[in-house]
Amino acid sequence: MPKISVIIPVYNVENYLEKCLESVITQTFKNIEIICINDGSTDNSAEILKKYAAKDKRIKVINQPNRGLSATRNIGMKNASGEYISFIDSDDFIQQDMYERIINLADKNADLICFGTNVFGNAFSNKRRGDNNYYKIKYKGLHKAKPELMLKTNAAVWNKIFRNKIIKKFNINFVENMHYEDFDFYCKYYMCCSNVYFLKDKLYNYYRRENSIMGHTFQNKSDKIIDHLLIFNDIYAFYSTNNQVFEKALPAVENIFLYCFDFVYHFSGTNDIKSIFELSKNIIKSTNLKIKNERIKAILSGHTNKATDKRTLLQKIFSIKNNKNFKSLNILGIHINTKRIIKFNPQPKLLVHLHLYYHSQLEYMLQKLASINNCRWDLYVTICDENKALTDKIISFKPDAKIIKIKNAGYDIWPFLQVLNLVDLKDYDYILKIHTKNQRKQKECKYGRGFTWRNLLIDALLGNPKIFNNNIYLLNENSDIGMIGAHEILAKMGNEYPEDNELFLQMCKKYNISVEKGIFVAGTMFVARAKCFEQIKHMQLTEADFINQQQTCGMGTTAHTLERMFSRMIEAQNYKIVGIRNKKYTLKNNFKYFIQKIFCLRNKTKDGIKVKQITLLGMNFQISSKT
């Protein structure tokens with residue numbers, strides 16, 4: 001008997017199905033059966049299933065006329081013989097070790113296992129912060145399946161594992177001919193559980209598509225939105241058939257109803273609000289429950305404002321809320337509205353390049369990249385040697401990331417040029433370029449030891465979501481700004497390193513770029529306008545341009561020359577380069593300077609003589625010297 005039955009409904013997903021199936025058949029845990037139900041597909045999905053069934057004997061294909069997602073999953077459950085059941089949508093995919101990691105947890109007396117989700121795809125990227133919050137696992141480890149935990153966990157069935165024995169014992173099915181069936185199934189199954197295990201790791205990759213059910217819901221285009229209210233009838237009817245389940249579920253029933261009501265009210269669009277309230281009244285009255293919740297009492301009495309007011313007592317005293325066009329401030333019931341500044345179009349397209357030379361810094365880099373929000377973005381990661389564990393982490397973070405193996409040449413510049421050559425810059429509004437940097441000793445960098453230099457560069461761009469948004473806002477609202485970097489790292493183009501300067505002048509002349517001395521973003525981490533880099537693509541530089549060159553104390557190579565040319569090219573196109581101050585670094589340095597003025601002991605060399613100098617209350621005293 002297989003340990004896990006994997007149920008995959010399939011309907012017109014020829015562009016995604018192979019990736020989905022590959023992620024399942026290559027699982028490190030092998031004792032699974034894979035039940036694929038072709039729900040009347042009219043594209044090439046049936047042929048793909050046939051090919052994979054011949055390739056892997058664990059795959060069982062069921063063909064049927066189109067009946068919808070719920071009926072398809074129910075057919076899958078009827079044919080499942082595994083101890084546990086897993087649902088996968090055929091346009092998604094899973095991490096390679098997902099079942100191996102989960103099965104060990106299932107044996108710890110867990111009836112339900114909930115794990116993390118990675119949402120990807122460019123559709124509705126402006127809602128990604130909400131997605132991440134909704135799918136975030138808020139608990140850890142094994143817990144009693146208390147009713148109050150149920151609605152604090154997302155209702156999707158594909159990021160969970162279920163016991164087949166419980167499904168069969170309580171005859172749990174998906175409600176058919178209705179949308180939002182996941183919520184229905186989840187609410188029914190949860191109340192039949194004894195224990196639930198929460199795993200924060202993101203093991204499931206969910207592809208957000210515009211033409212999906214939730215896509216239509218987000219756009220207020222769904223003509224089935226009322227289903228989310230109607231499924232409460234099915235949930236309540238299920239609870240009522242079993243006294244033990246009903247007794248457990250009763251404390252949560254009112255909150256389950258309000259969840260359904262709030263969902264429909266929020267996404268109803270142009271639907272008749274009056275009819276939603278009328279239907280809600282009839283549903284509540286049919287339960288014969290003794291209503292305790294004040295909001296439900298307001299629905300029954302027809303008080304719309306009270307019924308839709310989800311604020312706590314504290315929020316009624318004081319709250320700040322962002323509405324679509326204004327910011328609302330509430331103080332003791334008095335509302336003050338101010339016009340809200342919409343900072344930028346929420347759908348700019350961003351090209352992100354990460355050059356990962358130091359593999360140990362990947363976690364840090366992914367943490368910073370998580371600040372990207374409110375935009376569509378493509379991630380290109382260049383690495384100098386293959387590393388499967390590294391690749392898996394990147395794909396787990398962003399499943400559509402492009403990972404490119406490249407020869408170690410030209411520091412981070414040659415890899416960046418390779419990425420530029422792979423894309424059409426007309427598809428992007430902005431470019432974000434970052435890379436790993438080595439640790440430094442204090443004497444090697446005036447910005448401090450360790451990773452201070454790296455952190456200064458990156459935090460100016462990706463310190464947190466607000467900083468990232470502000471940078472995009474600056475570019476979007478100021479047509480004269482072409483590049484943004486860390487203020488502390490902006491440098492003047494000068495003659496510190498003659499070899500660099502000579503090569504810089506030669507290349508500027510060769511490619512007809514103005515050689516006026518301005519500033520440049522040292523360290524080449526920046527966010528800039530994509531169109532400004534078309535000229536770089538036309539230079540047609542090769543790998544040979546980046547190797548076997550003389551190195552100076554400025555590491556004088558084509559790479560470091562281009563570091564200056566990127567900025568020079570921006571200014572030559574009449575754009576400004578703007579520096580973002582690092583408040584933490586500035587505050588730290590000011591405090592350090594203040595302390596050193598009060599008291600400081602340092603070694604100095606003057607005219608070949610080593611001097612010990614003490615600073616006390618701003619006055620300097622020489623206390624010893626030796627030749």
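Of all the residues in the range 494-503, those that are touching a helix residue (DSSP H, G or I) at 6+ places or on another chain (Cβ under 7 Å) and either open to solvent by 20 Å² or more (accessible area, probe 1.4 Å) or modelled with pLDDT of 75 or more (or both) number 2.
Could you tell me which residue of the range 354-371 is modelled with the highest pLDDT, considering only residues that are closer than 17 Å to Ile395 by Cβ and outside any helix (DSSP H, G or I)?
Only one residue fits best here, namely Leu354.
Evaluate the range 152-164: report whether one residue or more is at pLDDT 90 or above, assigned to a helix (DSSP H, G or I), open to solvent by less than 20 Å² (accessible area, probe 1.4 Å) and more than 20 Å from Asn79 (Cβ to Cβ). No, every residue in the range 152-164 fails to be at pLDDT 90 or above, assigned to a helix (DSSP H, G or I), open to solvent by less than 20 Å² (accessible area, probe 1.4 Å) and more than 20 Å from Asn79 (Cβ to Cβ).
For the subset of the range 140-149 comprising residues that are without any contact (Cβ under 8 Å) to a residue 60 or more places away in the chain and touching a helix residue (DSSP H, G or I) at 6+ places or on another chain (Cβ under 7 Å), which member is least open to solvent (accessible area, probe 1.4 Å)?
If we take residues in the range 140-149 being without any contact (Cβ under 8 Å) to a residue 60 or more places away in the chain and touching a helix residue (DSSP H, G or I) at 6+ places or on another chain (Cβ under 7 Å), then Ala145 is least open to solvent (accessible area, probe 1.4 Å).
Residue count for the range 168-182 under the criterion of being open to solvent by 10 Å² or more (accessible area, probe 1.4 Å) and in contact (Cβ under 8 Å) with a residue 24 or more places away in the chain: the result is 10. Considering the conditions (1) open to solvent by less than 40 Å² (accessible area, probe 1.4 Å); (2) modelled with pLDDT of 90 or more; (3) over 25 Å from Asn574 (Cα atoms); (4) not aromatic (Phe, Trp, Tyr), Gly482 is excluded by exactly one of them, (3).
Considering the conditions (1) in a helix (DSSP H, G or I); (2) open to solvent by less than 50 Å² (accessible area, probe 1.4 Å), Ile35 is excluded by exactly one of them, (1). The single condition among (1) without any contact (Cβ under 8 Å) to a residue 40 or more places away in the chain; (2) under 19 Å from Asp400 (Cα atoms); (3) open to solvent by less than 10 Å² (accessible area, probe 1.4 Å) that Asn132 does not meet is (3). Pairs under 6 Å by beta carbon, first residue under 13 Å from Leu258 (Cβ atoms) in the range 280-302, partner open to solvent by 40 Å² or more (accessible area, probe 1.4 Å) and at pLDDT below 90, six or more apart or different chains? Note: pairs meeting the criteria are Ala298/Lys306. For the residues Lys152, Lys165, Lys108, Lys60, the requirement of being without any contact (Cβ under 8 Å) to a residue 60 or more places away in the chain and more than 27 Å from the chain's Cα centre (by Cα) singles out Lys60.
With the structure loaded, tell me whether Asp378 is among the charged types (D, E, K, R) and either surrounded by 15 or more Cβ atoms within 10 Å (Cβ to Cβ) or assigned to a helix (DSSP H, G or I) (or both) or whether it fails that test. So Asp378 fits the description; yes. Quick check on my filter: what residues within the range 48-57 are out of contact with any Leu (no Cβ under 7 Å at 6 or more places or on another chain) and crowded, with 17+ Cβ neighbours inside 10 Å? Matches in the range 48-57: Leu49 only. Which of the following residues is surrounded by 22 or more Cβ atoms within 10 Å (Cβ to Cβ) and over 27 Å from the mean Cα position of the chain (by Cα): Ser45, Ser41? From the options Ser45, Ser41, the qualifying one is Ser45.
Quick one: count up the residues across the range 271-302 that are in a helix (DSSP H, G or I) and either open to solvent by less than 50 Å² (accessible area, probe 1.4 Å) or aliphatic (A, V, I, L, M) (or both). Matching residues across the range 271-302 total 14.
For every residue, the table says whether it meets (1) open to solvent by 10 Å² or more (accessible area, probe 1.4 Å); (2) basic (Lys, Arg); (3) at pLDDT below 95.
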| site | (1), (2), (3) |
| --- | --- |
| Ile4 | no, no, no |
| Tyr16 | yes, no, yes |
| Lys60 | yes, yes, no |
| Ala71 | no, no, no |
| Gln96 | yes, no, yes |
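Any residue in the range 110-119 that is touching a helix residue (DSSP H, G or I) at 6+ places or on another chain (Cβ under 7 Å), hydroxyl-bearing (Ser, Thr, Tyr), surrounded by 20 or more Cβ atoms within 10 Å (Cβ to Cβ) and at pLDDT 95 or above? Looking through the range 110-119, none of the residues is touching a helix residue (DSSP H, G or I) at 6+ places or on another chain (Cβ under 7 Å), hydroxyl-bearing (Ser, Thr, Tyr), surrounded by 20 or more Cβ atoms within 10 Å (Cβ to Cβ) and at pLDDT 95 or above.
When the range 390-418 is limited to residues that are within 17 Å of Asn205 (Cβ to Cβ) and assigned to a helix (DSSP H, G or I), the one that is most open to solvent (accessible area, probe 1.4 Å) turns out to be Lys393. Do we find that Gln540 is at pLDDT below 65, under 30 Å from Ile513 (Cα atoms) and not in a strand (DSSP E or B) in this structure? It is false that Gln540 is at pLDDT below 65, under 30 Å from Ile513 (Cα atoms) and not in a strand (DSSP E or B).
Can you tell me which of Leu49, Leu21 is within 27 Å of Phe120 (Cα to Cα), touching an Asp or Glu at 6+ places or on another chain (Cβ under 9 Å) and hydrophobic (A, V, I, L, M, F, W, C)?
Leu21
When the residues of the range 257-270 are narrowed to those that are open to solvent by less than 60 Å² (accessible area, probe 1.4 Å) and at pLDDT below 85, which ends up nearest to Gly302 (Cα to Cα)? The extreme case among them is Ser268. Between Lys446, Lys466, the distinction of being open to solvent by 50 Å² or more (accessible area, probe 1.4 Å), farther than 19 Å from Phe566 by Cα, modelled with pLDDT under 90 and assigned to a helix (DSSP H, G or I) belongs to Lys466 only. Going through (1) out of contact with any strand residue (DSSP E or B) (no Cβ under 9 Å at 6 or more places or on another chain); (2) under 30 Å from Asp378 (Cα atoms); (3) part of a loop (DSSP other than H, G, I, E, B) one by one, Phe174 falls short only on (2). Of the listed requirements (1) over 29 Å from Ala409 (Cβ atoms); (2) modelled with pLDDT of 75 or more; (3) surrounded by 13 or more Cβ atoms within 10 Å (Cβ to Cβ), Pro346 misses just one: (2).
The values are calculated or read from the model by the stated rules, or taken from the named source; none is laboratory data. Since the structure is predicted, the reported quantities are computational estimates derived from the model, not experimental observations. Every residue, glycine as well, gets a Cβ built from its backbone with ideal geometry; the counts of neighbours run over all protein chains shown. The accessibility values were calculated without ligands, DNA or RNA, using every heavy atom of the protein model including side chains. Shrake-Rupley method; radii C 1.70, N 1.55, O 1.52, S 1.80 Å.
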